[in-house]
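The values are calculated or read from the model by the stated rules, or taken from the named source; none is laboratory data. Computed from a predicted model, the values in this text were never measured in an experiment. All Cβ positions, even for glycine, are placed from backbone atoms using ideal geometry, and neighbour counts span all protein chains on display. Each accessible area value is taken on the protein alone, full model and side chains, heavy atoms only, with ligands, DNA and RNA left out. Shrake-Rupley method; radii C 1.70, N 1.55, O 1.52, S 1.80 Å.
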Amino acid sequence: FAHAEHQEELDLLANPRPVDWNEFGGWTSGPQLAATGYFRTEKIDGQWWLVDPAGRLFWSHGIVRVGTRIRVGGVYHGTPILNREHLFQLPPRDSDLGRFYGSEPASTRFYYSKYPDHPVYDFLEANLFRKYGPDWASRHAEKNQRRLASWGLNTIANSSDPQIYLRRQTPYTAIVYSAPLGSNEHRIEGSTGTWGKLPDPYDPGWRRLIETTLKTSLRDSVGDPWCLGFFVDNELAWGDTFHLAKCVLRSPATQPAKLAFRDVLRAKYEYIGRLNAAWGVAHSSWEVFLEATTIPDEARSAAAEDLRDFSRAVIETYFKGCHDVLADTAPHQLYLGARFAGFNPLVLAVAAKYCDVLSLNRYYVSVAKLTLGETPVDRPILIGEFHFGALDRGSFSSALAPVMDQAARAIAYQEYVGSALRNPAIVGTHWFQFYDQPPSGRFDTENYQTGFVDIADTPYEETVAAARAMARQLYSLRHTSR
């Protein structure tokens, strides 16, 4: 560890942050715009930009999950060990390394979704303790800030550690979950999703939870000039243009969104018999409609129209509600969207009305031609996640975008970021993630080799060099691509 630490210190000293960046990472060689004291967006000569608090053009060159344990909805996760303790040589619980045992709630998916409060061990933090000693948390937080500056990364992106980003040395994003992870509270019971069921924006407690989160666990970020803005939720399962209404119909009679759907249909048809005739169903009353979980045949034009219209109403209520809470509680900061992994034209069009920036997680080779399709509202795009992984070093999975080796990963990084810089709508790219996932897996089995740094806190030199190369030409490439 000592030799590697010394070599990295020399590397960091030899590679300072780009000379034409201000304290926020904005472009000091570019135009001086109005300084509002907060991040904002502006379209200049056909290109979307972020503008930093000092009024300088800013393009977000960032990285997700800067920190140690995986932070999801305020809960920290390690490697699950329940029912597989025999696979590991674990330290005694009463030893110095015993402090890295813990527990986590049930996973949102796969094996550990059946086990609430199951035991975990954090191998990354144990390695950091071995490397930095008892004050490892402070030393590694300080080290990672210097790494970000040297590597030319000007944004601490989603699901990062507040103990690092609240040092206010690097701009950052924060995330609000509008329904508790691992719980069905404030969610549409008839829905599904990788990160849980869809939020129910008709639930009276739904909006209050967003407000409470901003005023409690995220209170230090509200009004913070270093905070670009807030995401609300992550990779929700939006489905097709009928999907949300179908999820509502599959839900129990007490579901707030289902009660709202009944009220809409009753206002339109007045009598249940008229709904039956239009949908080809046979409910004896509006109360029976609420109890039913059947879905009408969308081949019937009236049913298709009603499903589409209410799906739009749910989406509209959701995004307007998120926008209004942020406008009331954090009026100076950007609403960065819902981190779409998938979407349909309907949800994208509605989101574009309310979000300052649309965040898309895109694991492609290039995003040079990425657009919002037929969306009528012009909005900047932030790439919330992308990565490339290889199997020549590090963990045991090359993840969502595999390449041959570390050299190919560095080339892919430069090509991807370069393609984003050429796209006039894109205002930043955020790599997923800072550390490799542990080879032993996280809560949902992922063990991706996608870090800038491995599980023993050793940087991947090739990827670091690629990030530095892009940072040195970040603003000149963007400006000349008009």
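Specify the residue that is surrounded by the most Cβ atoms within 10 Å (Cβ to Cβ); the eligible residues are those in region 367-395 that are in contact with a helix residue (DSSP H, G or I) (Cβ under 8 Å, 6 or more places away or on another chain) and outside any loop (DSSP other than H, G, I, E, B).
The qualifying residue surrounded by the most Cβ atoms within 10 Å (Cβ to Cβ) is ILE383.
Working carefully through the options TYR115, TYR202, find the one that is of a type in the set (Ser, Thr, Tyr), open to solvent by 10 Å² or more (accessible area, probe 1.4 Å) and at pLDDT 95 or above.
After ruling out the rest, the residue left standing is TYR202.
When you look at ILE411, is it in a strand (DSSP E or B) and either over 22 Å from GLN473 (Cβ atoms) or modelled with pLDDT of 95 or more (or both), yes or no?
no
Which of the residues spanning region 438-457 are at pLDDT 90 or above, in contact with a His (Cβ under 8 Å, 6 or more places away or on another chain) and assigned to a loop (DSSP other than H, G, I, E, B)?
Of everything in region 438-457, those that are at pLDDT 90 or above, in contact with a His (Cβ under 8 Å, 6 or more places away or on another chain) and assigned to a loop (DSSP other than H, G, I, E, B) turn out to be THR450, ASP457.
In region 256-314, what residues are open to solvent by 40 Å² or more (accessible area, probe 1.4 Å) and either within 23 Å of LYS353 (Cβ to Cβ) or touching a strand residue (DSSP E or B) at 6+ places or on another chain (Cβ under 7 Å) (or both)?
Within region 256-314, VAL264, GLU305, ARG308, ASP309, ARG312 qualify.
Give me the residue from region 458-482 that is in a loop (DSSP other than H, G, I, E, B), farther than 14 Å from GLY389 by Cα and of a type in the set (Ser, Thr, Tyr) and, out of that set, modelled with the lowest pLDDT. So that I can check it myself, show each step before the final result.
Here is the first cut: in region 458-482, the ones in a loop (DSSP other than H, G, I, E, B) are 458, 460, 473, 481-482.
Next cut, farther than 14 Å from GLY389 by Cα only: 458, 473, 481-482.
Keeping just the survivors that are of a type in the set (Ser, Thr, Tyr) gives 458, 481.
Numbers: THR458: 95, SER481: 77.
Looking at the filtered set, the residue picked out is SER481.
Here are some residues: TYR416, TYR435, TYR364. Which one is open to solvent by 30 Å² or more (accessible area, probe 1.4 Å), more than 30 Å from ASP309 (Cα to Cα), at pLDDT 90 or above and touching a Ser or Thr at 6+ places or on another chain (Cβ under 9 Å)?
On the way: TYR416 fails: open to solvent by 30 Å² or more (accessible area, probe 1.4 Å); TYR435 fails: open to solvent by 30 Å² or more (accessible area, probe 1.4 Å).
Exactly one residue qualifies, and that residue is TYR364.
Inspect region 343-354 for any residue being closer than 30 Å to VAL403 by Cβ, within 17 Å of the chain's Cα centre (by Cα) and without any contact (Cβ under 8 Å) to a residue 60 or more places away in the chain and give the result as yes or no.
Looking through region 343-354, at least one residue is closer than 30 Å to VAL403 by Cβ, within 17 Å of the chain's Cα centre (by Cα) and without any contact (Cβ under 8 Å) to a residue 60 or more places away in the chain.
Any idea which of (1) modelled with pLDDT of 95 or more; (2) over 33 Å from the mean Cα position of the chain (by Cα) is the one PHE340 doesn't satisfy?
(2)
Only residues in region 462-482 that are farther than 23 Å from ARG147 by Cβ and polar (S, T, N, Q) count as the first member; pair them with residues that are open to solvent by less than 10 Å² (accessible area, probe 1.4 Å) and at pLDDT 95 or above, Cβ under 9 angstrom, at least 6 apart or cross-chain, and list the lot.
Once the first residue is farther than 23 Å from ARG147 by Cβ and polar (S, T, N, Q) and sits in region 462-482, its partners that are open to solvent by less than 10 Å² (accessible area, probe 1.4 Å) and at pLDDT 95 or above give SER481/GLN47; SER481/LEU421; SER481/ASN423.
Of the residues SER160, SER183, SER178, which is assigned to a loop (DSSP other than H, G, I, E, B), surrounded by fewer than 17 Cβ atoms within 10 Å (Cβ to Cβ) and modelled with pLDDT under 95?
None of the other options fit; the residue is SER183.
From the residues in region 205-225 that are open to solvent by less than 60 Å² (accessible area, probe 1.4 Å) and touching a Ser or Thr at 6+ places or on another chain (Cβ under 8 Å), which one is farthest from ALA330 (Cα to Cα)?
Looking only at region 205-225, we keep the residues that are open to solvent by less than 60 Å² (accessible area, probe 1.4 Å), and these are 205-206, 209-211, 213-214, 218, 221-225.
Keeping just the survivors that are touching a Ser or Thr at 6+ places or on another chain (Cβ under 8 Å) gives 206, 209-211, 214, 222.
On the way: TRP206: 17, LEU209: 15, ILE210: 11, GLU211: 10, LEU214: 8, VAL222: 5 Å.
In this case the residue turns out to be TRP206.
What's the total number of residues in region 438-469 that are open to solvent by less than 10 Å² (accessible area, probe 1.4 Å) and within 29 Å of GLY26 (Cα to Cα)?
Number of matching residues: 10.
So which pairs qualify, if the first residue must be in region 407-420 and over 13 Å from ALA467 (Cβ atoms), the second must be assigned to a helix (DSSP H, G or I) and not aliphatic (A, V, I, L, M), the Cβ gap must be under 8 Å, and the two must be at least 6 apart or on different chains?
Partner pairs satisfying both residue conditions: ALA407/GLU462.
Taking the stated definitions as given, is GLY428 within 20 Å of LEU12 (Cα to Cα) and crowded, with 23+ Cβ neighbours inside 10 Å?
Answer is no for this residue.
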